[in-house]
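Note sheet for the following structure.
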Amino acid sequence: MFKLNLKIALRNLWRNKGITAINVGGLAIALAAFILVMLYFTYETSFDKTNPNYKNIYVVGRIYPDFKTNYTPPPLGKAIKQHFPEVEKMGITKGIFFELVLKNGNNTVFTNNFLQADYTAAEILDLKPTGGLEKPAGDVERLSYLSKESMKALFPNKTDNKPEMVTVGSSLMGIKNKINGSIINNPHSNVTFDGVSIGNELGQGENYGHNNYTTYLQLKPGTDVANLQEKITRLYHAELLKGETDRETIDKIKGISTFLDPLANQHLKPKAGNDAPYKILIALSVLGILILIIACVNFTNLSIAQATKRAKEVGVKKVMGAFRFQLALQFLTEILMQCFAATVLALILAELVLPGFNNLFLLKLSIWHADNGLIWQLPLILFLITVIAGIYPAMVLSGFKPALVLKGNFATSKQSYWLRNGLLVFQFSIAVIFIIGLFIINAQLKYMRSQDLGFKAEQVVYIKNIALFSDPDKFEPVREKILKIPGIKSATVATGIPNGTANGTNTYTSNGVQASINYLDVDFDYFETLDIKLKEGRFFSKAFKTDTANSAVINESAAAKYGLSNPIGQTIIGCNTNYKIVGVIKDFKDRGFENATQPTIYAIKDPCGNPKMEIMLKIEENKMADALAALKAQWPEINKLDGENFRYAFLDELYGKLFKKQEQLQSVFFAAAVLTVFIALLGLYAFAKYITNGRLKEIAVRKILGATDVQLLKLINSSFFILVVIANIISWPVAYIVTNMWLKTFAYRIDFPVLPFVTTTLITLLLTIVTVSIQAKKAVNANPVDALKYE
Amino acid sequence: MIKIEKLEKVYKTEEVETTALNGIDLYVKEGEFVSIMGPSGCGKSTLLNVMGLLDKPESGSYKFIDTELLTLNDRERSNFRKRNMGFVFQNFNLIDELTVFENIELPLIYNKVPATERKKLVNEIIERMNIVNRSGHFPQQLSGGQQQRVAVARALVTKPKLVLADEPTGNLDSSHGNEVMELLCELNETGTTIVMVTHSSHDASFSNRIINLKDGHVISEKVNKSRNEELI
Ligand SMILES: Nc1ncnc2c1ncn2[C@@H]1O[C@H](COP(=O)(O)OP(=O)(O)OP(=O)(O)O)[C@@H](O)[C@H]1O
Ligand SMILES: [Mg+2]
C-alpha cells in the first residue's frame, strides 16, 4: 500500500513538475531566509552563554534622575560583597580606550581596548589565558595577556607559553613591558578586548567619586534579585551619606538608585544603553516568521489548486474502501516529502547567501556549527511547516465525497474566499511597504552621494599620529618636510577631522549674545586642504602674525547665531581670549547628513582646546601612490614620535563610513523587497491558478459566445487588479509614516517623494498582470470544446 | 446554405489515432431543421464542433453561403462564429455566477451591441421563452428544462443564421425535453436554420431531415415527410 502511494505521489509530483518546482522552490527560499534569521537570532541571544555562571552574573548600574549608567566606583562592589552573603563573587573591570603601540623587533600591533580586570572579575567573566587563569602575587603584580591574534603577529614563531618582553610606543621611545601570555578574545561575549591585564585588586585608594569601573556580581542560585537591588541602593545611600550634612547634597544622593542588570541582557537590551539591537532582532524575527508562514499558506493554496486533479483518485479509493485518515496520511506524506526537499534546498541557498549576510552585518555565522541550534531547530521546523502547509490540503483532499467527485460535480467552497483575498492583500501590502521603503532609501542615499558637502574629502589623506602639534611652530618643520614630497599640495593639523565625530562645545560671547557653540582648533591650510568655501573675509594666513594669537574664523551658522550681519573685524570672546573674526566660511557637512552643521568657531590658538594631533594632507591623485610610499619611507624622520608606525586612511573612506548604516539598511530592504514580492507573486500565482481552474467552463462558454482573448484576460485579471490596488492603498499610510520617520533622522534630506508610491503601484500592478496572465493564458488558449466535454 | 465536402478529422493521442470524421459530405439548406443520429462515438459531436468552428478538420471544405470557412484564421473564425452561430449544449453550460438575464446578455456584449438595445433584445427573448419571472435567478435555482430554455435563449438572442444543438434534451425528462423541442421548432419556423445531434428518434421526428452517421461516414439520409408537408 505504502509503496503504491509513494508511486502515485512521485508520479504526481513529476507530472506537475512546474507546480512542484514552484511549490518547493518558493518554500525553500522563504525557509532559507528563515534559517538566516534563526542563525542570527541564536547568535544574538547567546552572548556569553558559554560562561558556566551565565544565569547568575549581574552588572551593577546606577540610575540618576536623567540617565542610567553602568559605571560604578570601586568601593561599592567591596561593600556589597561585605554585606550580602547571597553575593558569591564580586569583581571589577576598567577599559583603556586609547591606542597602545606594542612592538617586538619589526613586528607591531596596535591595541585600542586593553582591559583591566581584578582576579575575581576574570573568574566571573571566565577569562581564559592559555595555560589557565593564574592568580597574581601581592598587590602590585599585573599579569598581562595579549589576544591570540596580536601575540601571533608579534611572535610569529612562538610555540611555548613563556612570558615575553615587548616595547610599548615607538622603538626610539622604548618602554619595555612584560606580556605573560596569550588569551582568547571571544567576540561572542559582552566583554571583548585586545588584551587583558589582571591584578589582585583594582582601584585601591579610589573612593565613591571614581565612577569609572564596571562591577560584576555572581549571585548564589535562587537569589531574590529585586530584593538585593533594593538592599544595594540602601547600602549605596548609607555609604555616600556618611558625614554628609548639606541638605541639597543629601537630596541629590537620595535621588540616585542602583540596579542589577543580568549579563544575559547586556548585548541586546542593557538597562543603561539602548535596546535598538533588541528591537531590530525582534523586527527581523517577526519578518522571518511572517515570510515562512506566508510561504506555507501559499504552499497550501497551490496544493489545493491542484486538488481537482486528485479528486478522482480520492473518489475511486474511497469507493474501494479507503478510510479518510489513510488518505489524509498519504497526502501529508507527499507534503512532507516536498517540505523535506525544500529544507535541503533552503540549507544550500542559505549557505550560498551567508557570506554576503556575514559581510553586511560584520558577523561570522556558519551553518555547520554544532552550537547554533540548527540541529534540533531544523527537524522541528520541517515538522511545523509540514503541519501548517499540509493539514488543510490533506483535509480537503481526503474529504471529497466520492459520489459527487465521480460524477464530476466537483466544487471547492467559497467560504475561504475572504481568507484568500485577505491573505493576498496582506502579502502585497507587505511587499509594497518594502518596495516603497527601498525606493525612498535609494533616493536619500543618492541624494547623500550627490549632494555638495561643502568640502572635498577626496584625495585627502588622514595620518594617524600620536605626537602633539598644538603650537604652529612645532608643526611648521613637519609641514615643510611633508611638502617637499612631490604631489602633496598642502598639509595641516587639527583637533578633529570631518568624519562625523562631534566637536567640543564652549561658551563664546559676541555682539552681546552669549551662546554655547562648537569649536575646532586648526592650523594653517586647514580650509585649503579640505577645500572649504570662503563666504567673506579670509582664511588663516602666515602673513598675519595675529593669526597664531587671536584670529578666528567662524561659519555662517555661528554668524547667524550671534546675529552678526557684518562679522569681519568683530570680536568674539571665549576661553579668556578676545578673538577677532577674520573670515566667515560657508557651512559644510562635517557631521554627515544626520546631524546639522553646528555653529562653529575655528582658531589656531585656543587655551581651552585639546592637543592637535590629526594630520591631513591633500595629495594629487595621480601621484598618490608615490607620495604615500615616500611618506612611509620618510616618516621616522619627519615625525620621530610615531617613527616607523606610519598609518593613514583616506578621508573620503572615513566619511563614507557614515553611510554604512544606511547602506546596510538598503541591503536589508532590497532583500526583503525581493523576497516579499517573490512570495506575494507566488501566492498570486497559486490563487490565479485556483481561480482559473474553477472558471475553465465559464471561460470556454464565453469564448464560444465570442469573447476575444484580450477580453478574457481582462476578465480574469480584473479581480486581482482590484486586490492589488487595495493592497497598495492600505500600505501607503504605513509606508508614509515609517519612511517619513526615517527621513526625519536626517538633518539634510530629500523632500518627501511621491514618485515611489506611484512607481510601486505600477510595478506591483504590472507584475500582477504578468503573473495572472501567464496562468490565465493557458485556460484562454485551450480549446473550449475540451473544457466543456467532460463535465 | 451549408456545403460540406470530404471532411476528415483525426484525433491523435500518444497511443492511437482515431478517425472521427472520415470523408463527410453534407449540405444544409437555409431554413432547414436537420437531425444527426448515430451510435455513440460515430463522430456526431465532432462534426457539430467543426460546423461551429470550435474544432479544425484535417482536410475537406466547409462553405457557408459562399464563404470557405476552413481557410479563416482564428480571429476571423471567432468573429464569424459570434455573428452567425448559436450553440445549445446537452449540459446547458450556463455560467453559474451570472443571472439568467446576464447569461443571455453575454453574447450581445461580445457582439458589441449597445446597452439599451441589449436590454430590449434580452427582454424580448425572455418573454418569448416564458421565463420572465426568472430573469434575476441564478442557473442553480432553475429546473433543467428552464436552464435549457435559458441556454436556447442565449443561443438565439443574437439572431444567428445557424443554431447548433448537441443533444439538447439529453439531460432532460421527456416533458421538459418536449418543451425544448417545441421551442426549437418555433424557432425553425421563423426561419432559423438548425442542426441538432440526438439519440432520440422522437426528437428527430421534429426535423425535416435525418442524417445517419457511422464510423465517421454518412450512411443514410431520410427526409421526414410529415414535417415537410406541414411546412408546405
Ligand atoms: N479530444 C479527443 N481526443 C481523441 N479522440 C477523441 C477526442 N474527441 C473525440 N474523440 C474520438 O473521436 C470519435 C468521435 O467522437 P465524438 O465525440 O464525435 O462521438 P459522438 O458521436 O458525439 O458520441 P456520443 O454519442 O457518445 O456523444 C470517438 O471515437 C472519440 O473517442
Ligand atoms: Mg457526442
message: To the nearest hundred square angstrom, how large is the accessible surface buried between B and A, total for both chains, probe 1.4 angstrom?
response: 1700
- line: Once amide hydrogens are built 1.01 Å from N within the peptide plane, the residues lying 5 or more places from B:Gly23 or on another chain with amide H under 5 Å from its amide H are B:Leu7, B:Glu8, B:Lys9
- prompt: Computed FRET efficiency, Cβ-Cβ of A:Glu201 and A:Gln634, R0 45 Å: what is it to the nearest 0.05?
  reply: 0.45
statement: Taking the convex hull of the alpha-carbon atoms of the range A:466-641 and averaging its shadow over every direction gives an area in square nanometres of 10.2
task: For A:Lys55 and A:Asn107, compute 0.36 nm times the residue count separating them, minus their Cα-Cα distance, and round to one decimal in nm.
output: 14.6 nm
- prompt: To the nearest 20 debye, what is the magnitude of the charge dipole of the range B:83-232 about its Cα centre, counting +1 on the Cβ of each Lys and Arg and -1 on the Cβ of each Asp and Glu?
  reply: 480
task: Under 4.7 Å Cβ to Cβ, no partner at all: give me those cysteines from chain A, in residue order.
output: A:Cys296, A:Cys339
message: Using a 1.4 Å probe on the protein heavy atoms only, what accessible surface does B:Glu102 show? Give it in Å² to the nearest 10.
response: 70
query: Where in the range B:74-117 are there trypsin sites (Lys or Arg not before Pro) that are in a DSSP coil and have at most 10 other Cβ atoms within 10 angstrom of their Cβ?
result: B:Lys112
- request: Go through A:Ser541, A:Ala680, A:Phe114 and say which Cα lies farthest out towards the positive end of the charge dipole of the protein assembly as shown; charges sit on Cβ, +1 for Lys and Arg, -1 for Asp and Glu.
  value: A:Ala680
- request: Run the quick spin-label model on A:Tyr736 and B:Arg83: label points 7 Å from Cα toward the beta carbon, then report their separation in nm to one decimal.
  value: 5.2
query: Excluding ligands and nucleic acids, what accessible area in Å² is computed for A:Trp732 using a 1.4 Å probe, to the nearest 10?
result: 90
task: Over the range A:54-265, average the accessible area per residue using a 1.4 Å probe and give it in Å², no decimals.
output: 49
- prompt: How far apart, in nm, are the 7 Å Cα→Cβ label points at A:Ala625 and B:Arg75?
  reply: 6.3
message: Give me the dipole magnitude in Debye, nearest 20, for the range A:466-641 about the Cα centre, with unit charges on the beta carbon: positive for Lys and Arg, negative for Asp and Glu.
response: 160
- request: Give the value in nm², to one decimal: projected area of the alpha carbon convex hull of the range A:54-265, averaged over all directions.
  value: 13.7
statement: Per the rule of 0.36 nm per residue minus the C-alpha distance, extending A:Phe544 to A:Val674 adds in nm 40.7 nm
field: the range A:466-641, accessible surface, carbon-and-sulfur percent (1.4 angstrom probe)
entry: 49
- prompt: For the protein assembly as shown, with only Lys/Arg (+1) and Asp/Glu (-1) charged at the beta-carbon, what is the dipole magnitude about the Cα centre, in debye rounded to 20?
  reply: 1060
task: Can you figure out the FRET efficiency of A:Thr509 with A:Ala276, using R₀ = 35 Å and their beta-carbon distance, to the nearest 0.05?
output: 0.35
- request: Give me the distance in nm between label points sitting 7 Å out from Cα along the Cα-to-Cβ direction at A:Leu362 and A:Glu99, one decimal.
  value: 1.6
- prompt: Can you give the alpha-carbon Rg of the range B:2-231 over 2.2 N^0.38 Å, where N counts its residues?
  reply: 1.01
task: Could you state how much accessible area A:Tyr685 has, in square angstrom rounded to the nearest 10, with a 1.4 Å probe and all protein chains kept in place?
output: 40
- line: the protein assembly as shown: antiparallel bridges as % of DSSP beta bridges, rounded to 5, reads 75
message: Could you report the range A:543-611's accessible area per residue, 1.4 Å probe, as an integer in Å²?
response: 42
task: Run through the DSSP bridge list for chain B and note the antiparallel percent, rounded to the nearest 5.
output: 55
statement: Within the under-12-Å Cβ sphere about A:Gln711, not counting A:Gln711, Lys/Arg +1 and Asp/Glu -1 give a net charge of +4
message: Filter chain A for me: DSSP H helices, axial length by Cα at least 30 angstrom, mean Kyte-Doolittle hydropathy not below -0.5. List them by residue number.
response: A:17-44, A:276-305, A:324-361, A:374-398, A:417-450, A:660-694, A:709-743, A:755-781
query: Nearest 0.05, what FRET efficiency do B:Glu117 and A:Ala21 give at R0 = 51 Å with Cβ-Cβ as r?
result: 0.55
message: On a 1.4 Å probe surface of the protein chains, which of A:Cys608, A:Cys339 comes out largest in accessible area, and what is the full order?
response: A:Cys608, A:Cys339
field: Charge-dipole axis of the range B:2-231 as Lys and Arg at +1 and Asp and Glu at -1 on Cβ define it, positive-most pick from B:Leu142, B:Ile104, B:Asn22
entry: B:Ile104
- request: Please list the non-local residues whose amide H lies under 5 Å from the amide H of A:Ile585, H modeled 1.01 Å from N, same-chain partners needing a gap of 5 or more.
  value: A:Lys535, A:Ile554, A:Asn555, A:Glu556
message: From the P(r) of the protein assembly as shown, could you give the percentage of C-alpha pairs in the tail past 57 Å?
response: 41
- request: Can you find, among A:Ile497, A:Met337, A:Phe67, the residue farthest towards the positive end of the dipole of chain A? Put +1 on the C-beta of Lys and Arg, -1 on that of Asp and Glu.
  value: A:Met337
field: Residue with peak Gaussian network fluctuation, chain B [Cα springs, cutoff 10 Å], from B:Leu187, B:Leu108, B:Leu26
entry: B:Leu26
- request: Multiply the residue gap between A:Lys254 and A:Val344 by 0.36 nm, knock off their C-alpha separation, and tell me the result in nm, one decimal place.
  value: 26.4 nm
- prompt: Counting only protein chains, not ligands or nucleic acids, how are B:His217, B:His199, B:His176 ordered by accessible area (probe 1.4 Å), most first?
  reply: B:His199, B:His217, B:His176
message: Tell me which trypsin sites (Lys or Arg not before Pro) from the range A:101-191 have a DSSP coil assignment and no more than 15 other beta carbons within 10 Å of their own.
response: A:Lys158
task: At a 1.4 Å probe radius, which order do A:Phe331, B:Phe101 fall into by accessible area, largest first?
output: B:Phe101, A:Phe331
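The values are calculated or read from the model by the stated rules, or taken from the named source; none is laboratory data. Keep in mind the model is a prediction, meaning the values are calculated, not measured. Cβ atoms come from the backbone with ideal geometry, glycine included; neighbour counts cover every protein chain shown. Ligands, DNA and RNA are excluded from the accessible area calculation, which covers all protein heavy atoms including side chains. Shrake-Rupley method; radii C 1.70, N 1.55, O 1.52, S 1.80 Å.
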